[in-house]
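What follows is a single structure, written as structure tokens, with notes after it.
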Amino acid sequence: MKRLKADPALRFSETGRTLLRLLAMHTISMAEWDKIIDKVPPHCGEIVACLANDCAQMWADAALRVQRKVAETA
């Protein structure tokens, strides 16, 4: 994250800053995730799990697209 945060191409564009914020939000420790998960009310658990799965799929798709882009430019 430090290297990405220092990159001017990311720091000085709105899209880059958005990417940095999203990555920062998702790079918390498992201990922090445990604290969050422990506070999810049982009646919200299924919705939270579904949204988490949707987010995981979007991140996986984004990762594949970035990898393809890198491979095309190499």
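The values are calculated or read from the model by the stated rules, or taken from the named source; none is laboratory data. For clarity, every value in this text was computed on a predicted model and none was experimentally measured. Note that each Cβ is placed from the backbone with ideal geometry, even for glycine, and that neighbours are counted across all protein chains shown.
So for region 55-63 (the condition being out of contact with any Phe, Trp or Tyr (no Cβ under 7 Å at 6 or more places or on another chain), part of a helix (DSSP H, G or I), surrounded by 10 or more Cβ atoms within 10 Å (Cβ to Cβ) and acidic (Asp, Glu)), does at least one residue qualify?
Within region 55-63 (the criterion being out of contact with any Phe, Trp or Tyr (no Cβ under 7 Å at 6 or more places or on another chain), part of a helix (DSSP H, G or I), surrounded by 10 or more Cβ atoms within 10 Å (Cβ to Cβ) and acidic (Asp, Glu)), the answer is yes, since at least one residue qualifies.
Filter region 20-54 for residues that are touching a residue at least 12 places away in the same chain (Cβ under 8 Å) and either part of a helix (DSSP H, G or I) or among the charged types (D, E, K, R) (or both) and give the result.
Selection gives Leu20, Leu23, Ala24.
Return the residues of region 33-74 that are at pLDDT 95 or above, within 26 Å of Gly16 (Cβ to Cβ) and among the aliphatic types (A, V, I, L, M); say none if nothing qualifies.
Once the filter is applied, which keeps residues that are at pLDDT 95 or above, within 26 Å of Gly16 (Cβ to Cβ) and among the aliphatic types (A, V, I, L, M), region 33-74 yields Leu51, Ala52, Ala56, Met58, Ala60, Ala62, Ala63, Leu64, Val66, Val70, Ala71.
Among the listed residues Arg3, Arg17, identify the single one that is free of Cβ contacts under 8 Å to residues at least 12 places away in the same chain, under 26 Å from Val66 (Cβ atoms), loosely packed, with under 11 Cβ neighbours inside 10 Å and of a type in the set (Lys, Arg).
That would be Arg3, the only listed residue that is free of Cβ contacts under 8 Å to residues at least 12 places away in the same chain, under 26 Å from Val66 (Cβ atoms), loosely packed, with under 11 Cβ neighbours inside 10 Å and of a type in the set (Lys, Arg).
Give Lys39, Lys5 a once-over and let me know the one that is touching a helix residue (DSSP H, G or I) at 6+ places or on another chain (Cβ under 7 Å) and among the basic types (Lys, Arg).
Just a single option satisfies the conditions, and that option is Lys5.
As an exercise: evaluate Ala31 against (1) surrounded by fewer than 11 Cβ atoms within 10 Å (Cβ to Cβ); (2) small (Gly, Ala, Ser); (3) under 13 Å from the mean Cα position of the chain (by Cα); (4) over 23 Å from Leu10 (Cβ atoms) and give the number of the one condition it does not meet.
(3)
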